[in-house]
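See structure below.
Computed from the coordinates by the stated procedures, all read-outs in this text should not be read as laboratory data. These numbers come from a predicted model, not from an experiment. Glycine also receives a Cβ, built like all others from the backbone with ideal geometry; neighbour counts cover every protein chain displayed.
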Amino acid sequence: MDDVLKLLERWEEQDTRGTTGDVTGPVEELADRAEEPRHTLALACSSAASSASLGRALENRWALHIPQHAAVVAAGIHATLRSSVENLHRLRRTVEMAAARGDLKPSGSPTPDAEGFTDALDRLTAVADEVSVHLKALAPAVHALHATPATFQVPRTVHETMTAVAAILKDTAELRTWEDGHQEEATEDGCGCTLFITFRNERYLVSYDDFEGWSVMRESVAAVSRDGSMTWTNPPSAGVKDPLAHPGRLAEAIMKIIQNGT
């Protein structure tokens, strides 16, 4: 099980953009100072919301690119289930402590329609034990996913992303690298290249900007200055912010804008 948790730790170390910290930071800060029921209940609600939100993310067909991504998600679910098992035991102890100091009064004998106080606590423990048994079967699946060879090469730079998109669009695309200011190793800003796409006798320019993300601009509507430079007012966004986006996803988004005649 510890090996499964190490997958999560390694991913956090590799997360140079700090996305994980942005999401978990406020929750961890609240947990560090949790002293009142409102803090405990807020953490319970955020845990439920986080799990549901992961489900929403997984509905996106571009949610994962390689088996190792799936392994990290599976490891996260494994860790969540493992914590849930431990928290059910903790919840029982906490309720028992509240009852011992007189903060709550255990219900009387159970009725046909409801369990009694002791039965409810026993069920918390029983469910935890049952989940713990099944949890052991999940770790091998995590390791198997992590060991599966990936056929997709994740882009390491903006230039690699653009090159891959040009390859996907083939005859309709031309990648032009400008000698001045070309930054082949850029991972956040544009690399200095422009991707030209010809479609139905129109030419479009695709570029990346660290603020706007990927944009698609129709050449015929550009304002051309005396020196030949072109500018656009509110150029349409491809709706993809990631500079290292999956080239297939980016190519699809680009062509959707172009085919809509933007």
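Result for the chain in a Gaussian network model with C-alpha springs under 10 Å: among Gly192, Gly76, Gly102, the largest mean-square fluctuation is at Gly102. Taking Cα pairs under 8 Å and at least six residues apart, what relative contact order does the chain come out at, in percent? Worked out over the chain, it gives 14 percent.
When the inverse distances between all different Cα atoms of the chain are averaged and flipped, the Kirkwood radius reads 22.9 angstrom. What shape does region 145-197 take by its C-alpha gyration tensor, where a ≥ b ≥ c are the square roots of the eigenvalues and a/c under 1.5 counts as rounded, a/b above b/c as prolate, and the rest as oblate? Oblate is the answer for region 145-197, as a/c is 1.5 or above yet b/c matches or exceeds a/b. In the chain, the DSSP-assigned H stretches of four residues or longer account for a calculated mean residue ellipticity at 222 nm of -17500 deg cm²/dmol, using -39500 (n - 2.57) per stretch and the full residue count as denominator. Loop sites here are chymotrypsin sites (Phe, Trp or Tyr not before Pro) outside DSSP states H, G, I, E and B with no more than 16 other Cβ atoms within 10 Å. The longest part of the chain free of them is 63-151. Just checking the listed ones, Asn201, Asn87, Asn60: in the Gaussian network model of the chain with Cα springs under 10 Å, the one fluctuating most is Asn201. With a Förster radius of 41 Å applied to the beta-carbon distance between Leu81 and Ala167, the computed FRET efficiency rounds to 0.50. The GNM of the chain, with springs linking C-alpha atoms under 10 angstrom apart, assigns the highest mean-square fluctuation among Val216, Val127, Val142 to Val127. For the chain, lysine pairs with C-alpha atoms less than 27 angstrom apart, excluding pairs fewer than eight positions apart on the same chain, total 4. Annotation for region 1-35: GluC sites (Glu not before Pro) lying in DSSP loop with at most 13 further Cβ atoms inside 10 Å of their Cβ are Glu35.
Here the Karplus curve 6.51 cos²θ - 1.76 cosθ + 1.60, taken at θ = phi - 60°, turns the phi angles of region 74-87 into couplings of 4, 5, x, 5, 4, 5, 5, 5, 5, 5, 5, 4, 5, 6 Hz, with x standing for Gly and Pro. Fully extending the segment from Asn201 to Thr177, taken as 0.36 nm per residue of separation minus the present Cα-Cα distance, adds 6.4 nm. Shape of region 158-259 from the C-alpha gyration tensor: rounded (a/c under 1.5, with a ≥ b ≥ c the square roots of its eigenvalues). Taking the three principal axes of the alpha carbon atoms in region 1-149, the coordinate ranges are 58, 33, 28 Å, sorted in descending order.
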